[in-house]
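Right, one structure below, let's go through it.
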Amino acid sequence: MGDILEAHSVGEKALLISGYQGVGKNLLVDHLLSRMNCEREYIQLHRDSTIQSLLLTPSVENGKILYHDSPLVRAATLGRLLVVDEADKAPTEVVSMLKGLIEDRQLALPDGRMLCHDGDDSDSNIVTIHPSFSIWTLTNPVGFPFHGNDLAREMADVFSCHNVPPMDMESHRRILSSYGAKVDADVIDKIVKVWEDLRVAHKSGAIAYPFSVRESVGVVKHMNEFPDDGIEASVENVIAFDRLDNGLVKHLSVIFSSHGISVLSESTSTTRREMTRTVGSVSTPKTWSSSPNHGRVDPDNTPHVGGNTWAG
């Protein structure tokens, strides 16, 4: 946080803030801008983003499609700070356009106007870029599971680059405690230690996915709302999709079991299914798709059409 504030205070107009998902990049930026009392515009990029969508914002008014200035154009003309989220997911031409705006301090708009750093006020087609205009770009590291552009490599010459590291254990513990007022402190400590082991496993390359505070908060929120489910069911509610990856299951089982948490095991899932099966309701039926009821057998073998009483 201190490095970002220092870069902004010395006049850096373009910051590249990188970090894995769930480390709190957006929360960090929101906190800093609120403390600085700084007006901002926000735009989120994705794989379908185009240059036009970055420069124009369509709207329907009185049955007509009208185009207005995008957050980027408003920030440039009004002197606000533009936050560009998920910039690594944008196509190459969109990223190149952003680099050109930062490096050349000028940009041609679709309606014929031109954004310029030193504009001529007498020309109505020239829009002067406000001297307070700046860009903070949020991006994920290159590689699995993001597979985005490596902006640090491509644009480090025009950006002041900063990295948001994973949260330390004490900060992690305080955040989880704020979400789990009803959760025992010892349980929260156990979750923090498990997630620290997951972070180390990812750093060493044992697992590919970077489990973050986002997932641990999901576990604590589940336990806070449904305390009878216990820690095992709460964890499986968050990581159940990983059951499809046998290699990942083995690593996760070792890490969780070392802290006394049995997850992603067939015996645990079977026991939970048997407990649920005895309840019987709309959401937890007594009859499962793997064992449907067999209809009554007609000894006369008479054809029956419709209904669900008879077999055949």
For the chain, which longest stretch is free of loop sites, where a loop site is one of the trypsin sites (Lys or Arg not before Pro) that DSSP puts outside H, G, I, E and B and that has at most 12 other Cβ atoms within 10 Å? 48-181
Residues of the chain: accessible area per residue with a 1.4 Å probe, Å²: 58
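Taking 1 over the mean of 1/r across every pair of different Cα atoms in the range 193-239, what Kirkwood radius in Å do you get?
Kirkwood radius, the range 193-239: 11.2 Å.
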Top of Gly180, Gly260, Gly218 by mean-square fluctuation, Gaussian network on the chain, Cα under 10 Å: Gly260
Rounded, prolate or oblate (a/c below 1.5 giving rounded, otherwise prolate when a/b exceeds b/c) for the range 10-63 by Cα gyration tensor: prolate
Of the lysine pairs in the chain, how many meet both conditions: Cα atoms under 26 Å apart, and a spacing of 8 or more in sequence or different chains? 22
Helix-derived mean residue ellipticity, 222 nm - over the chain, DSSP H n ≥ 4, -39500 (n - 2.57), to 500: -12500 deg cm²/dmol
Distance from the range 21-37 to the range 61-118 (C-alpha centre basis), Å: 22
Most positive-pole-ward Cα, His117, Asn140, Ala75, against dipole of the range 55-199 from beta carbon charges: Asn140
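The values are calculated or read from the model by the stated rules, or taken from the named source; none is laboratory data. Remember, it's a predicted structure, so these values are computed and weren't measured experimentally. No Cβ is skipped: glycine too gets one built from the backbone with ideal geometry, and neighbour counts run over all protein chains shown. All accessible areas refer to the heavy atoms of the entire protein, side chains included, with ligands and DNA or RNA removed. Shrake-Rupley method; radii C 1.70, N 1.55, O 1.52, S 1.80 Å.
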